1. Given charges of +1 on the Cβ of Lys and Arg and -1 on the Cβ of Asp and Glu, with all other atoms neutral, how large is the dipole of the chain about its Cα centre, in debye to the nearest 20?
2. How large is the charge dipole for segment 323-375, taken about the Cα centre, if only the Cβ atoms of Lys, Arg (+1) and Asp, Glu (-1) carry charge, to the nearest 20 debye?
3. How high is the FRET efficiency between Glu423 and Ala601 when r is their beta carbon distance and R₀ equals 41 Å, given to the nearest 0.05?
4. At Ile399 and Arg381, where each label point lies 7 Å from the Cα along Cα→Cβ, what is the point-to-point distance in nanometres?
5. Using only the alpha carbons, work out the radius of gyration and Dmax of segment 397-653 in angstrom.
6. How would you classify segment 354-497 from its alpha-carbon gyration tensor, with a ≥ b ≥ c the square roots of the eigenvalues: rounded for a/c under 1.5, else prolate if a/b is greater than b/c, otherwise oblate?
7. Where does the chain land at 222 nm, in deg cm²/dmol rounded to the nearest 500, when only DSSP H runs of n ≥ 4 count, each adding -39500 (n - 2.57), divided by all residues?
8. Among the listed pairs Lys287/Lys408; Lys531/Lys611; Lys582/Lys611; Lys481/Lys619, which are separated by more than 21 Å between their Cα atoms?
Amino acid sequence: MAAIIVTLSLSGAALAETKPGTEWAGKTVPLETFAQFPMIADPEITPDGKWIATKIRANGAQVLALLAVRQANVAPMIIARDDDFSTDKQGDQQIIGYEWVDSDHLLIRIDSRDNFAGEWFDNIRYAAYNRVTKKVVPLGWDKAFAQTTALWTSSSGMPHILLQRQNLDYGTELSGNPEVIDVDLDTGKYKTVMRPNPNVSRWTADSDGVVRLGEMRDSETGKVQILYRPDASTPMHTIVNQVPDRYTGVALPSLFVSGGNKAYTFSRADGFAALYEYDLAAMAVGKKVFGVNGYDIDDASLTPDRKALESVTVTEGRTSHHYFDPRLKEIESLLEESYGKGNVYIATADAARETIVFRVAAMGQAESWYVFDTLKGGIGRIAYANDTLKDAMLNPVSIVRYAASDGKQIEAVLTMPRHRIGEKKLPLVILPHGGPWARDSADWDAYGWAQALAEYGYVVIQPNYRGSTGYGRDWEKASEKAWGYRMQDDLNDAITYLAGSGTVDPKRVCMMGWSYGGYAASRAAERDGDKYRCAISGAGVHDLTAMIRYDKNYLGRYGAKTGMGSASVDLVDASPGLHPEKYSTPILIIQGARDKRVPPAQSRDLVARLKHAGKIEGKDFVYIEQPLNTHNLLREADRVQVLKEAKKFLDQHNPA
């Protein structure tokens, strides 16, 4: 395990401005450094402020651990590794979330890719960790099949949760209709509080632990039926029965204020997701509480007692909070006075909001993590996210907007090579994100790809092309029938934009991506080879028709149709791997052999077709299959190999 500061001695000294280290000025950071997992990630502090649950870097992987706050000589305590929760070792297992139910009980969320009757599907499981007894208790695993979701956690008394799960004991005819169980976190014992309802595929509970909503989405037609009840003693009744717009959805109460009849909802009524009050008496959307012009909000939260709205999270160029809680608003303002506006992100706080865990980083700066004792006024550093980089300022990052060829404005993250400042006609790497229903921001990227490529002389641009989330309903919807066409043009238009200012040489461009980004890179090599010197496709979908067949059984006809099935009016034409003869620029293909999200057959079939079309391995294409890699790059060794193979390929075909 790498070194990490866990014992915090907070002085009463005033906040002091810190200057980034200059250790890496004039030096080149090794690729291996960028591939490292963060020293800590996603910290969650206990309500009493004494312990932090966080993922930490250990032996080339990430593990879930506890760090002591203001407790001398207490070493990090490892709780679990990703594969500890594997039941069959056949798919991906990853700890994807955790939260404190109280100061002794941690609820852990595990994502897995499981196989049932020959079909792969995404599964979620939960476990509880008791900090005192150090016991891990699986929650409701004995009969759970899929769709396990924590609906509610207790805030006082006996620690327990409401858990939604599919239970095949009710018969296959109710296999898509979950029950709700009340589970004791110490014993794992439970009782059923809601039996499966043939009209419900997902339940919602309020802040007091009462199941209030039931939702059914027909996987064949897309029709949504919503059942509701105002309290535990009233029967459910239907309030919605329709096929909603896929990109607008149905505005329903999402945040129930405890002990009352008040709620909040997320709605795209004006085209962009915003937070609104929700009238539970009329079952209707009320006045807007918070929104940002041109952007969707990400999330919202209630105060620890669940009686008031605390904050809204939104990603414009970077992710930030808008606080309704005056204490947190004041604390953020105080920290920004020292570290700069936009450079502070409060990740977690104790129940009294007296001990604050926050992250500091300017754009292009490696992150640092701190604890702020608001009573004593002192700050202690927990750790640098990267112990090698510390808080170095590396390659400059900015948010830019450029005009697509049809006039639409595209927001993108631009990273410039710090060792070539002032130079013109530089080589370019276009780095599209996965998804495609996702987005890139200017916050520090834990994968390190943009910074690594810029460090070795490349201009890197990450366009939030059409279909990217966070830019409203219409931008998301613009992905329909646009895979490999208009969405691809959005990426190509970045070349025109950067070449127009002389920043890059339009004849020295490569595209690199993972997942959907891997699809885009493959499409670039097949469709737009005249614009690219090379392409690097990781975990890419090359045959859309085969991918839909792979997905359809667990997504359903409607889910498959509206997901990847909406990619094009002609899925064969939009599938680069079905046209191997058209690949006109060298392509590096990287695939994890244990990838169950995008199966290895996608890349293996492409390689076979390229060979059959007369393409020469080592010249026209290179294939790297990583035997232990999954879709999520859970091993540091695989992350290092991806960067090294990418640089080797770039050195050969698009040298900086």
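None of the figures in this text is laboratory data; all of them are computed from the coordinates on show. Computed from a prediction, not measured in an experiment: that's the story for all the values here. No Cβ is skipped: glycine too gets one built from the backbone with ideal geometry, and neighbour counts run over all protein chains shown.
1. With Lys and Arg at +1 and Asp and Glu at -1, about 920 debye.
2. Once rounded to the nearest 20, the dipole reads 120 debye.
3. 0.40
4. 2.8 nm
5. For segment 397-653, the Cα-based Rg and Dmax read 17.1, 54 Å.
6. Cα axes put segment 354-497 in the oblate bin.
7. -5000 deg cm²/dmol
8. Lys287/Lys408; Lys531/Lys611; Lys481/Lys619, as the Cα separations exceed 21 Å there.
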